[in-house]
Structure formats: C-alpha cells, structure tokens
2 protein chains.
Amino acid sequence: MKIEEIGEFGLIGRIAAQFGGSVPAGWEGIGDDCAVIPWREGESLLVTTDLLVEGVHFLRDRISARELGAKALAVNLSDVAAMGGRPTATFLSLGLPAGAVGVEWCDAFFEGYRSFGIPLLGGDTTSSTTGIVINITVLGRAENRRIKRRSTARPGDRIAVTGPLGDSAAGLRVLLNALPPSPDTDELIRRHHRPRPHLAEGEWLGREPDVHALMDVSDGVASDLRHILRASAVGAAIDLPQIPVSALLQRTAAEQGWDARELALTGGEDYVLLLTVDPAGAEGVQRRFEAEFGRPLHWIGRCTDTGEPEIVYLDANGATCRNDYRGFNHF
Amino acid sequence: MKIEEIGEFGLIGRIAAQFGGSVPAGWEGIGDDCAVIPWREGESLLVTTDLLVEGVHFLRDRISARELGAKALAVNLSDVAAMGGRPTATFLSLGLPAGAVGVEWCDAFFEGYRSFGIPLLGGDTTSSTTGIVINITVLGRAENRRIKRRSTARPGDRIAVTGPLGDSAAGLRVLLNALPPSPDTDELIRRHHRPRPHLAEGEWLGREPDVHALMDVSDGVASDLRHILRASAVGAAIDLPQIPVSALLQRTAAEQGWDARELALTGGEDYVLLLTVDPAGAEGVQRRFEAEFGRPLHWIGRCTDTGEPEIVYLDANGATCRNDYRGFNHF
C-alpha cells in the first residue's frame, strides 16, 4: 500500500498505535505539539523535533542563510509556545551537499539560529547526497498546571488565533509564481521567510486558566484545528468573515485574483497560536491579552457538541458554506 | 571558504565557539557523545542526536527496512552507552521520497526500531525531494557520579575496546565492491547492517570508578581516540598487534588482499566502546568485565604525557611505525 493512500496523519496514527504501549506512565508521547516528560516537582520537560528538507520546506536560492537558520529554529520554538512552555535547549543536525555552501553560509545560518538566544547543546553534521537537510530538536519546560494541550477543548469554547493568517502562504505563492518585486511582494516573502514564533504569547496563555486547548498553526487552521477537534471529541463552527487577513494580503489577493480566505485557512506556516477559551472567561482573556501585547486576539468561531471532529464554515449571515478547506498534507 | 577546507570537526569547533557562551552553568553542551543537563537530585539527562542520509549512511536497495530501523536507532543508543547512561525515550524524524517506499516498508522499519524496547515519544514525518532522511534524538539518564566523559583520560591510563574492530567497515567494502555472496561476506554485511549498541557494557563501565574516559567508536579508533586525547590533553601509544580483529575479517582480508588493521582502525561504525582505565585498577576491571559479559576487554595501548593529542603506533617490537591512520571525516 502506498503511503499517499493513508496520508501523513494516517502514517503518524499507525506509528502511534505501534508505540503507544511502551510510553511510561505519566509521560505523554505522540499526539501533541510536544512530548511531556515529568521533570522536577510540579514541572515537566517538553520535547519537539522538526525536519526541514531543501526543495520541500525551502528553496536554497531564495532564502538567505541567515533567514533559514532563524526559520528552522522558529518552527520548533513555536511548538514549545503551543504547549505554554519556555524553550531551554536546542540540538541541530545539519546535512550539507558537498560543495553546495561555504563556511560563510554556515556562519550566516548560525547567526540566524542564534538570534533567539536559546543555547545549542549538540547535534550532528554530515554530508548529504543532494539537498540541505536540517533537523532540530528543542527541549523546553513548563509548570505542570500551565501546560496546554490539544485535547482539552470543550463544546461552547470560543476559538481564537493570536495573529493574522495567510501572509506566509502568500509569500510562498509569490516565490513559486515568480511575481515581480514590489514593496508588497517583498514583504510577503519576508513574512514567509521570517516567521516569529509566538513565545511570549504562548507562555502568557499558559497562565490563563480559561484557555482550554492550544496549538500552533503550521499546516493551516483548516487542518490544524481538526487535531484539536479529534483530540477533544468536539466539532467547530468557523465564521468566515472573522478570519483575520492582513491589509497587505487583501490588497495582493485582489490584484492577483487569489482567494485570500483560502490562503488564510489552508496555506500554513503562519506559526501563530490557535486556542479555545471558556466562553465565560473570553472577554477577560481578550482584555488582558490586548493590555499585554497591544493587539487583539482574533475570535474566529466556537466549539460545538456534535461529537464529530468536523468544521462547519459559516458566511456573514450565519449560513453554512459549501466550501471545504483542506490544509497541508505531506504525502 | 569551502567546508571541505575546515572539515567536519573544524565546522563543529566553529559552531561550538559561537554557542559556548550561552550554555547554562552546570550544563554540558557540544563536545561529548551526549549533552548533559541536570535532572533530579544527583541525576542528569543525557541527549544525543544523529542524522542518517540515504546514499551517505546507507544504500536503500541493500539494507532491509527492518535493519535500517534498528541501525538508525542503534547508533544513537550507542552514544548514551558511551556516557555510562541508560536510554529512556526517542524522537524520530523521517523524510520519505514520494512513491519510494510503501506502508509495508514503514511497518518493517518500525519493527526494527521497536526491537530495543525504548519508547518513541514523538517526531516528524515529511516528504523528501530525493533520498530517505532519518534523524533520531535519544534522551537518556545517568547518576551524576557514574557519567563518563571524553575529557577524563590521564597519562598512564590503559586503553581498551569492548569488542573487535573492522567487521562493519569490511561489510561496507563487500557491498561497495559487490563481492559474490558467501557465508563470510554475508556475515560481514550483517555486521555492517546490524550493529549492537553496547548498552549493558556502557552502563556497567559507568559503575567502575577506575574507568576514566569513555566514548563509542563510530568513525574508527584512529579518529575517535583523538577526541579523547584532545579533550583530556594527553597523547597515546597504540600497540598495533593488539588491535582486535575477528577471525572472519582476518580470513576475508587475506583472501581479498585487504589491510585488516587499516579497516579496524579507520573503518568506523563498529559501535563498540573505547575506554581508558587507571593502570592500578585495569586488572580488576578486566576480570569483572569478563565475569559479567563472558568475553574479554581488548587492551590496545596506553595514554602518554606528551601533551600533544597525537597517536603513536607501535609494532610488535615496540618500534614506532610510519603508518598514520585517519578515520572518517564527513566533508
């Protein structure tokens, strides 16, 4: 059977089923943004790992070495933020094709990597047969009572994101379509190449008891939200007019004839946080978030008690749309 | 400047220099088989990571999926053994080219991976533009007083390995030279594809106070021993006639006109342990090792106080050989 037939998440499910029995009691393995391992009294270690392959995750001749070093780490740091934790150590494996890049490229890569100020404690370097290969593992820590998971959304929860969606996907489309340079297209490419992991936001949300479920947006809300729904056994209704899209993306989409909302829901690589909040506490969380970060939480819908992990999309009149949005699947 | 000009270890040194200042006090980063992070009272967390790339570390059409799953994990477990620790959790990133392998291949890969009984707690799956890419991170633990490092060899220490050298390199040569199948060549390939990490040996050696320095042999003793010498600021004299070579390798080398000793010293991927032992305690360690494991430690030389991290090779008469052996360098 081909892997394409079961898909990325089918493969992960198959792996999780084979290894589920071997996870020690009190440890949490496959199924969330990080694994959770008991650490000191009242505190846990968080662990996440991500693999980036040239030609799949980045184009070597379009992203600078400095941006690549920063982005490769950013996508991992985002996973720690998505549990309400704080990153403490990183490990890097780097596969470099013979003659492809020089020492200066490596120095710039590490300058980007260092920009977050998180220590690098080890790794591996090797040659590669073709493309550049980057694997990063990040360790983080969090107080147990502040760890947020995908499995804790409840029917009635309000759903929010911590920033606008779709700019990164639009930047990738600018690159793939080779659009001519302009201040707007340059800025979209910049947003694709320099995502900011929402570390401060994640740690802050971890301290809010009314925040129930939390994860980061890497494959697009349409795909990522399903993980929360499946893990929590709830459904969701998303208000399409509420999907936050930057003025930059709206303008570019109008010019290019793109569907900005589709990019926002399915494009991925936004690395904002996706959360569900107790409806009774939503207003307070919103007010405190805005006071802390100087910008709003974007409310995009609510969890429903259908029991099915399905998303219903509603238009401005609250009517169900026939559109179905699908996020990124690697196989 | 080309990376080939500074080499794999030049690159690692450059990275370590850039990140050295950011490592928290009491933590140990780049420079040993694992990073060491304080854990509970008197105990530390060990972390290691390794990247395997198709065409560099393995040939997909020659190694079975089951063997590959086991070997990819074995080389990481060996790093935990090399610190005197015990592995507790693993994380796997897997990049698979579209259409290259099926679900059955994955199932066999994970059957091999599971064979060590260490839990898989997370990872990443992605497509790959060309070859199969595997990155594994292993967490282990050890009592602080039992952790063995590369930096603790002393002049006068006796040097030993926990098993014969060169079989794995000979197996690779059988594959690359496409030698005809025979019981001997099949067995050498098997030793290349199914290394056994010396986990029990590593944990046992951790409990022996007279064992000073410890590491695993991945690039060949000629290269790996230099890491101990540099970290400990000692030299070494190696008795060439004492290098342990299996009867199988001796026989095959004689038939093929290979230099068995060169394969043993420079071939790598043996994944036995390399250690230095206080000379006053060496006999006791040897006796207890043999009682525990039913086979000898192989004494191959001693540490010297030259101060230079250089290896002198001695022949049967104790005379210096002009041979210089170099281990594997990835760039």
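The values are calculated or read from the model by the stated rules, or taken from the named source; none is laboratory data. From a predicted model like this one, the values you see are computed outputs, not experimental measurements. Cβ: placed from backbone, ideal geometry, glycine included. Neighbour counts: every protein chain shown. Side chains are part of the model used for accessible areas, which takes the heavy atoms of the whole protein and leaves out ligands, DNA and RNA. Shrake-Rupley method; radii C 1.70, N 1.55, O 1.52, S 1.80 Å.
Under a Gaussian network description of chain B, with springs only between Cα atoms under 10 Å, the residue in B:Ile311, B:Ile147, B:Ile132 that fluctuates furthest is B:Ile132. Each Lys and Arg contributes +1 and each Asp and Glu -1, all at the Cβ; summed about the Cα centre of the protein assembly as shown, the dipole is approximately 600 debye. Distances between equivalent label points of A:Glu43 across the copies, with each point positioned 7 Å along Cα→Cβ, amount to 1.6 nm, shortest listed first. Just to be sure I understand: with springs between alpha-carbon atoms less than 10 Å apart, which residue in A:Pro296, A:Pro87, A:Pro180 has the highest mean-square fluctuation in the Gaussian network model of chain A? Answer for the Gaussian network model of chain A: A:Pro180. Dividing the summed helix terms, -39500 (n - 2.57) for each DSSP H run of n ≥ 4, by the number of residues in chain A produces a 222 nm estimate of -11000 deg cm²/dmol to the nearest 500. For the chain pair A and B, buried accessible area totals roughly 6000 Å², probe 1.4 Å, rounded to the nearest 100.
Can you send over the carbon and sulfur percentage of the accessible area for the range B:76-134, probe radius 1.4 Å, protein chains only? Mind showing how you got there, number by number?
Working: 640 of 1370 Å².
Carbon plus sulfur share of accessible area: 47 percent.
Solvent-accessible surface (1.4 Å probe) assigned to B:Thr304 amounts to roughly 40 Å².
Shape verdict for the range B:248-331, please, from the Cα gyration tensor: rounded (a/c under 1.5), prolate (a/b greater than b/c) or oblate. List each step's numbers first, then the result.
On the way: a/c = 1.72, a/b = 1.22, b/c = 1.41.
Because a/c hits 1.5 or more and a/b fails to exceed b/c, the range B:248-331 counts as oblate.
Return a whole-number percent for the relative contact order of chain B, with Cα pairs under 8 Å and 6 or more residues apart as the contact set. Kindly include the intermediate steps, with their values, before the conclusion.
On the way: 711 pairs, mean separation 72.0, N = 331.
It rounds to 22 percent for chain B.
Provide a whole-number value for the mean count of partner chain Cβ atoms within 10 Å of the Cβ atoms in peptide B:111-122. Mind dumping the intermediate values first?
Values: counts 1, 0, 3, 3, 0, 0, 1, 2, 10, 10, 15, 18.
Partner-chain Cβ atoms within 10 Å, mean over residues of B:111-122: 5.
Quick one: pull the percent of accessible area on the range A:1-65 belonging to carbon and sulfur, 1.4 Å probe, ligands and nucleic acids left out. Roughly 52 percent of what the probe reaches on the range A:1-65 is carbon or sulfur.
What whole-number value in Å² describes the accessible area per residue of the protein assembly as shown for a 1.4 Å probe?
Values: 25330 Å² over 662 residues.
Per-residue accessible area for the protein assembly as shown comes out at 38 Å².
Among residues other than B:Pro195 with Cβ under 12 Å from its Cβ, the summed charge is 0 (Lys and Arg +1, Asp and Glu -1). The count of lysine pairs in the protein assembly as shown whose Cα atoms are under 27 Å apart, excluding pairs fewer than 8 places apart on the same chain, comes to 4.
Packing, taken as the mean count of other beta carbons within 10 Å per residue, orders the peptides B:167-178, A:34-45 from highest to lowest as B:167-178, A:34-45.
Of the beta bridges DSSP finds with both residues in chain B, what % are antiparallel, to the nearest 5? Antiparallel: roughly 75 percent of the beta bridges in chain B. Counting only other chain Cβ atoms within 10 Å of each residue's Cβ, the peptide B:55-65 averages 1. Placing +1 on each Lys and Arg Cβ and -1 on each Asp and Glu Cβ, with no other charges, gives chain A a dipole about its Cα centre of roughly 320 debye.
Only one residue of B:Ser127, B:Val80, B:Leu176 has its Cα farthest out toward the positive end of the dipole of the range B:47-189, where Lys and Arg carry +1 and Asp and Glu -1 on Cβ, and that residue is B:Val80.
Using a 7 Å projection from Cα along Cα-to-Cβ, the label point at A:Pro155 is separated from the same position in the remaining copies by 7.9 nm, smallest value first. Each residue of the range A:135-145 was assigned a 3J(HN,Hα) from its phi angle through the Karplus expression (A = 6.51, B = -1.76, C = 1.60, θ = phi - 60°), giving 10, 10, 10, 10, 9, x, 9, 7, 5, 3, 6 Hz with x at Gly and Pro.
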